[in-house]
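These notes concern the structure reproduced below.
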Amino acid sequence: PAGVTVDSRGCPVKDEVVLTVDRLGFAFDSAELDAQSKAALDAAVEVIRSQSSVQLDVVGYTDSTGPESYNQGLSERRAQAAVYYRVSRGGDAGQLRAVGRGVASPVASNDSRDGRARNRRVELVVR
C-alpha cells in the first residue's frame, strides 16, 4: 500500500501499520460492527489481499472511558469482531490475529467526544 515501508522483497516491514480503520462506528461500550464499520472493513479487502503472504494483527483500541481492565477486554472483542467479519467475507483466518490494546496509544485527546470516537479504532499491523 502507498506510504508503507517495505523490505528488499517489497513486503511491509514488521510492526508497520498497514491500514488504520478508524471511526468504525462502535457505539459506546459495544463491539458490534455497524454498516459503516463493515463498509470500512470491506474497503480494506484489497490491502489485505495484496499482502497475502504477510501475517497481520488486527489491533483494537478503546477510548479512556471506564476501567482499564474493562477497556482491555472491550478492545479485544472489537478486534475479534473485525476478524470474524473479515473471515465471514472470505478473509484468510490464518493471516489475521485479533489483539486488544485497550486505551494504549491514543490518536486523539480523550477530553472530547470526537477525540474519544477517533480512539475507538482498529489497525492492521504486520507481525
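Things worth noting here:
- Neighbour-limited loop hits for trypsin sites (Lys or Arg not before Pro), the stretch 78-108 (at most 12 other Cβ within 10 Å; DSSP other than H, G, I, E, B): R89
- Computed about its Cα centre, the charge dipole of the stretch 68-127 is approximately 140 debye, with only Lys, Arg, Asp and Glu carrying charge at their Cβ.
- Here Y70 sits with roughly 90 square angstrom of accessible surface, probe radius 1.4 Å.
- Here's the picture: a label point sits 7 Å out from the Cα of D42 along the beta-carbon direction, and within the stretch 87-127 the residues with their amide nitrogen under 16 Å of it are 87-91.
- Rounded to the nearest 10 Å², the accessible area of V103 at probe 1.4 Å: 50
- In this calculation the C-beta distance from C11 to R97 is compared with R0 = 25 Å, giving a FRET efficiency of 0.90.
- For E76, the accessible area of its heavy atoms, probed at 1.4 Å with every protein chain present, is near 90 square angstrom.
- Extension gain (nm, one decimal) between T65 and R127, 0.36 nm per residue minus Cα-Cα: 19.5 nm
- Student exercise, the stretch 52-99 dipole from Lys, Arg, Asp, Glu Cβ charges, in Debye to nearest 20: 200
- Solvent exposure ordering (accessible area, 1.4 Å, most first) of S8, S112, S75, S88: S8, S88, S112, S75
The values are calculated or read from the model by the stated rules, or taken from the named source; none is laboratory data. Since we're looking at a predicted model, the values are computed, not measured. Virtual Cβ from ideal backbone geometry, glycine too; neighbours counted across all protein chains shown. The area values use the complete protein model at the heavy-atom level, side chains included, leaving out ligands, DNA and RNA. Shrake-Rupley method; radii C 1.70, N 1.55, O 1.52, S 1.80 Å.
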